[in-house]
1. Filter the stretch 104-114 for residues that are within 13 Å of the ligand (Cβ to nearest atom) and either surrounded by 18 or more Cβ atoms within 10 Å (Cβ to Cβ) or in a strand (DSSP E or B) (or both) and give the result.
2. All but one of (1) modelled with pLDDT of 95 or more; (2) out of contact with any helix residue (DSSP H, G or I) (no Cβ under 9 Å at 6 or more places or on another chain); (3) surrounded by 16 or more Cβ atoms within 10 Å (Cβ to Cβ); (4) not basic (Lys, Arg) hold for Leu234, so report the exception by its number.
3. Restricting attention to the stretch 67-80, and to residues there that are out of contact with any helix residue (DSSP H, G or I) (no Cβ under 7 Å at 6 or more places or on another chain) and touching a residue at least 24 places away in the same chain (Cβ under 8 Å), which single residue is nearest to Leu100 (Cα to Cα)?
4. If the Cβ limit is 8 Å and pairs must be 6+ apart or interchain, which residue in the stretch 191-207 that is within 13 Å of Ala217 (Cα to Cα) and outside any helix (DSSP H, G or I) pairs with which residue that is more than 12 Å from the ligand (Cβ to nearest atom) and not aliphatic (A, V, I, L, M)?
5. Say whether the condition of being surrounded by fewer than 16 Cβ atoms within 10 Å (Cβ to Cβ), more than 15 Å from the ligand (Cβ to nearest atom) and among the hydrophobic types (A, V, I, L, M, F, W, C) is met by at least one residue in the stretch 115-137.
6. Within the stretch 1-24, track down each residue that is part of a helix (DSSP H, G or I) and touching a Pro at 6+ places or on another chain (Cβ under 8 Å).
7. Sort out which residues of the stretch 176-190 are farther than 14 Å from Gly61 by Cβ and assigned to a loop (DSSP other than H, G, I, E, B), and write them in order of number.
8. Got a number for residues in the stretch 37-69 being within 16 Å of the ligand (Cβ to nearest atom), within 18 Å of the chain's Cα centre (by Cα) and of a type in the set (S, T, N, Q)?
Amino acid sequence: MSESTVRIGLVLPDVMGTYGDNGNALILRQRLRMRGLAAEIVEITLADPVPDSLDVYTLGGAEDSAQRLATRHLARYPGLQKAAERGAPVLAICAAIQVLGHWYETSAGERVDGISMLDVTTSPQPTRSIGEVITRPLLDGLTQPLTGFENHRGGTTLGSAAAALGRVTHGVGNGVGDGLEGVVQGSVISTYMHGPVLARNPELADLLLARATGVDALAPLPLDEVDRLRRERLAVGR
Ligand code: GLN
């Protein structure tokens, strides 16, 4: 590995990574390689402490019991928290929003302390939110609608330090009736969107990569197949 290799942390894929969310790390690596940049994925499992030295981190969704194991590990080894404090970009999907918040309640009604990287709390909603979700992005640097697949029982309420990633135009999103989806706080971008979300939304992938590599913006890649998939998914909202 050379000094300039971009190191992508895939955090706890052994317990978090439903619906192909581990693919987000693959997308980041591939988009770097297609631009001639060296990149590698560093898998951090329950057997490893969490390093604070990586360039970008991704965390996927999980079922309630797996989510609890991840929460305990991230609290015990606070590398992710330290990395975010120095500005390393973090992408957190679904259950990971809940784990990174102050606390979440499981479907069984048990309250679990999170790691308080995000000013949010999560409680189970009467019905599970399942299906396609489309939003209008609220984050500077994103111009295209975001699309993904959601499947969660938890509904997430944003505190004053947290902003939403998007406004819902189709589907449910954070699920507490405010029409918002995802959470942005500091260097953390989180969303209920599976997909994996970075395969569906190349602009979001490149925003994370620009931040990880310290450039203003990256030139788009000619990926026709992604465009075709995007058109198909956006049509769901019409
Ligand atoms: N267990 C969480 C919920 O149902 C998260 C689910 C997920 O990550 N897909 O809200």
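1. Those that are within 13 Å of the ligand (Cβ to nearest atom) and either surrounded by 18 or more Cβ atoms within 10 Å (Cβ to Cβ) or in a strand (DSSP E or B) (or both): Tyr104, Glu105, Thr106, Val112, Gly114.
2. So the condition that Leu234 fails would be (1).
3. Taking the stretch 67-80 first, the residues out of contact with any helix residue (DSSP H, G or I) (no Cβ under 7 Å at 6 or more places or on another chain) are 68-69, 72-73, 75-79.
From what's left, touching a residue at least 24 places away in the same chain (Cβ under 8 Å): 68-69, 73, 75, 77-79.
On the way: Arg68: 11, Leu69: 13, His73: 12, Ala75: 10, Tyr77: 13, Pro78: 11, Gly79: 13 Å.
The selected residue is Ala75.
4. Within 8 Å, no pair qualifies.
5. No, the stretch 115-137 has no match at all.
6. Filtering the stretch 1-24 down to residues part of a helix (DSSP H, G or I) leaves 18-20, 23-24.
Hits for the stretch 1-24 are Tyr19, Gly20, Gly23, Asn24.
7. Passing the criteria: Val176, Gly177, Asp178, Gly179, Gly186, Ser187.
8. 2
The values are calculated or read from the model by the stated rules, or taken from the named source; none is laboratory data. Everything numeric in this text was worked out from a predicted model, so none of it was measured. For neighbour counting, all protein chains shown are included, and Cβ atoms are generated from backbone atoms with ideal geometry for every residue, glycine included.
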